[in-house]
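Okay, structure first, notes after.
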Amino acid sequence: MTSPLILGIETSCDETGIGIVRGTELLADTLASSVEEQARFGGVVPEVASRAHVEAMIPTIKKSVTAAGISLNQIDAIAVTSGPGLAGALVVGVAAAKALAVALNKPIYGVNHLASHIAVDTLENGKLPEPTLALLVSGGHSSLLKVNNITYQIESLGKTLDDAAGEAFDKVARVLGLPFPGGPWIDKAAKDGDALRIDFPKGLMSKEDLVDHTFDFSFSGLKTAVARWVQAWEKTGEKIPVNNVAASFQEAVVEVLVKKTLLAAKQTGINTVVIGGGVAANSRLRSMAVSEAEKVGVTIRIPRPGLCTDNGAMVAALGSHLFSAGIEPSQINFEVDPIFPITQVKAP
Ligand code: KG4
Ligand code: ZN
């Protein structure tokens, strides 16, 4: 059997992503983003995102199809993010995907955005061993997962009790006067900072917490500690040492993520870890994860930064695995689910 040709549509937040894959070969990954419009508001405004998706959808599909060198009727199946995400934004992608599926008479898969962040890794690094551990760190989620099979069986080992890792990056960036989304700006500022200068708290790493919340995360205490530190510094009238604050904050987040991930590897005996989601683009997370894992014989797999942040290729990648595994497509009347649980890979 030849590898299936799958078109993926992603509209869970502020990126309109269209990806086309043949099996696990990436043919096109096309993106339109409303981030510049959002930046004015310092965060994602759902209505602005939905409207931008409507405007970008058809031109982005056309661009992607041209880039892949295919015609739409060659496609074997369509995959679309059905959740989690912003309801109004998801609806635009799902409506477009359903229209295409009906017009082309092709099967459609409503897929989990979070599972897609993991599946995208297979486009670069090949088949996932079963089971694989996954650290999923994005703007809305932070979870440690045991991926038994990417098409139907994902278990949650732990998750954030409050802010997501990316959310903490975005909020701290705002405190430091850096633009939205803050993650890439903190990453950049931290390169010129001293990560050991300020000792910020590391959430859920105490002895008791490591028993009660072994694989859970908490970033809101850290975020508050940074805000207090900055407020106190402002009283001195001196310029805020943005680079040092960024580096010290980033170090606190990354250290917790890496330590808990490697603890999960040790406790489960699983020695391959995929890191995915927007925060996986962070240069310090990438370097610390790889160097610490190497010391304990764990293999770290991370897609290139452009495939870590939201994109259509990740949705196409998951759709391709579902189609190839012979998993039944979603019913055409499936609905978006803004709180789609990670344990469910596709819409019924
Ligand atoms: O996966 P994603 O694109 O969207 C969601 O599903 O949420 O993740 C977006 C998040 C934002 O919070 C953004 O600040 C963060 O990923 N991010 C980063 C970096 N690039 C994006 N955080 C830290 N360092 C980066 N280089
Ligand atoms: Zn995402």
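The values are calculated or read from the model by the stated rules, or taken from the named source; none is laboratory data. These figures come from a predicted structure and were not determined experimentally. Quick reminder, even Gly has a Cβ in these numbers, built from the backbone with ideal geometry, and neighbours come from all protein chains shown. Heads up: the accessible areas ignore ligands, DNA and RNA and are worked out on the full protein's heavy atoms, side chains in. Shrake-Rupley method; radii C 1.70, N 1.55, O 1.52, S 1.80 Å.
Results, tabulated for the structure shown:
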| read-out | value |
| --- | --- |
| Choice from SER324, SER116, SER218 showing the highest fluctuation, given a GNM over the chain with Cα pairs closer than 10 Å | SER324 |
| Pairs of alpha carbons in the stretch 129-305 whose separation is greater than 20 Å (percent) | 50 percent |
| ALA227 paired with ASP194, simple spin-label distance in nm, labels 7 Å along Cα-to-beta-carbon | 2.8 nm |
| Net lengthening on full extension, ILE327/ARG51 (0.36 nm per residue, minus Cα-Cα) | 96.1 nm |
| Rg over Rh, two decimals, the stretch 1-139 (C-alpha only, Kirkwood Rh) | 0.97 |
| Computed over the stretch 236-297, the ratio Rg/Rh where both radii use C-alpha atoms and Rh is Kirkwood | 1.12 |
| Accessible surface of the stretch 129-305, 1.4 Å probe, proportion on carbon and sulfur as whole % | 51 percent |
| Label-point separation, SER291 to LYS207 (7 Å along Cα→Cβ), nm | 2.9 nm |
| FRET efficiency estimate (nearest 0.05) - Cβ-Cβ, GLU25 to ALA87, R0 25 angstrom | 0.15 |
| Neighbour-limited loop hits for trypsin sites (Lys or Arg not before Pro), the stretch 95-197 (at most 16 other Cβ within 10 Å; DSSP other than H, G, I, E, B) | LYS127, LYS191, ARG197 |
| The stretch 129-305, dipole about Cα centre (Lys/Arg Cβ +1, Asp/Glu Cβ -1), debye to the nearest 20 | 300 debye |
| q = 0.10, 0.12 Å⁻¹, the chain: log10 I(q)/I(0) [Debye, one scatterer per Cα] | -0.58, -0.82 |
| Kyte-Doolittle at least 1.0, axis length at least 18 Å by Cα - qualifying DSSP helices, the chain | 87-104 |
| Volume of the Cα convex hull of the stretch 16-93, divided per residue and given in Å³ | 102 Å³ |
| Relative contact order computed over the stretch 129-305 (Cα-Cα under 8 Å; 6+ residues apart), in percent | 27 percent |
| Inter-probe distance in nm under a simple model that places probes 7 Å from Cα toward Cβ, at GLN267 and ILE339 | 2.5 nm |
| Cα pair count fraction exceeding 15 Å, expressed as % - the stretch 269-315 | 43 percent |
| Alpha-carbon centroids, the stretch 207-238 and the stretch 144-166: separation in whole Å | 23 Å |
| Most fluctuating residue given options ALA225, ALA190, ALA164, as computed from a GNM of the chain linking Cα atoms under 10 Å | ALA225 |
| Average accessible area per residue (Å²) across the stretch 129-305 - probe 1.4 Å, nucleic acids and ligands excluded | 45 Å² |
